[in-house]
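Structure record follows, encoded as structure tokens.
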Amino acid sequence: MATYKKRGYKPTTKEEKEHDIVDHSTTAEVFNTLDESASKTEDWVIANQKYIFVIIGVVAAVVLGYLGYNEFIAKPKQSEAMNEMFQAQKYFNQAVNGTEKDSLYTLALNGGEGKLGMLDIASEYSGTPAANLANYYAGMAYLNLKDYKNAVTYLSDFSSDDLVLAPMAKGSIGDAFVQLNQPEDALDYYEQAAKMRKNDFTTPLYLYKAGIVAMELGKADKALTYFNDIKENYASSTEATNIDVFIGKARVLANK
């Protein structure tokens, strides 16, 4: 293992002095090797100068091309996508808080008032953060419209490091699988959601859902683990309110 020596360090003990001599000897050998390699490299450079300039030119073109793409294509594309998304996002928010949910979620998906919906944004602006976010909105809209297969498809295409959105997307896939009568898949996604980005909101929520599905699958020991986790580590959460009841049920099933 390499060790760090402060500037101005001087060996004091016999062992350190001997080690320092070895270090200097090794360093000298390394520099001699580097000198020999440098000489050979210079000869190679002279002989292959033309090709080196070509390679440098290609690398420079790639770097400049990337910077140009990022500045003149990617950024404007993202800005344009976010501008298009504003209306669709407005429909989505109105659906969450309003009464005419189905029609508003449909507008969020397909667009309106001359603006694109989440589906077109996800497709036409693929690769941008806006398109990624559109996948999340589309998945959640489909979930609320009870189109569970499309909900799974779009939520699976969403990725994020966000403390809440990331587990919400995973957990919502679990919700869709519950409705599709695929409890094993639902449990898997609830477990993923509970483990990622731990926080006081989504973690107890998906521990609870995982516990419920685990009991339905006859995995009472696993359910008990999740319920106990809520009681011990998330006592102030909504899920902890009646958690003793579920712990009792899980214990009964585990002892059968």
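Numbers at a glance
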{"quantity": "Full-extension gain in nm, Asn255 to Asp161, via 0.36 nm per residue minus C-alpha separation", "calculated": "29.9 nm"}
{"quantity": "Solvent-accessible area, 1.4 Å probe, carbon plus sulfur percent, for the range 100-196", "calculated": "47 percent"}
{"quantity": "Amide N proximity, the range 95-131 versus Lys149 label position 7 Å along Cα-to-Cβ, cut-off under 20 Å", "calculated": "106, 109-110, 119-120"}
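The values are calculated or read from the model by the stated rules, or taken from the named source; none is laboratory data. These numbers come from a predicted model, not from an experiment. Note that we place each Cβ from the backbone using ideal geometry, even for glycine, and neighbour counts take in every protein chain shown. Ligands, DNA and RNA are stripped out before the accessible areas are found, and what is left, the full protein with its side chains, is counted by its heavy atoms. Shrake-Rupley method; radii C 1.70, N 1.55, O 1.52, S 1.80 Å.
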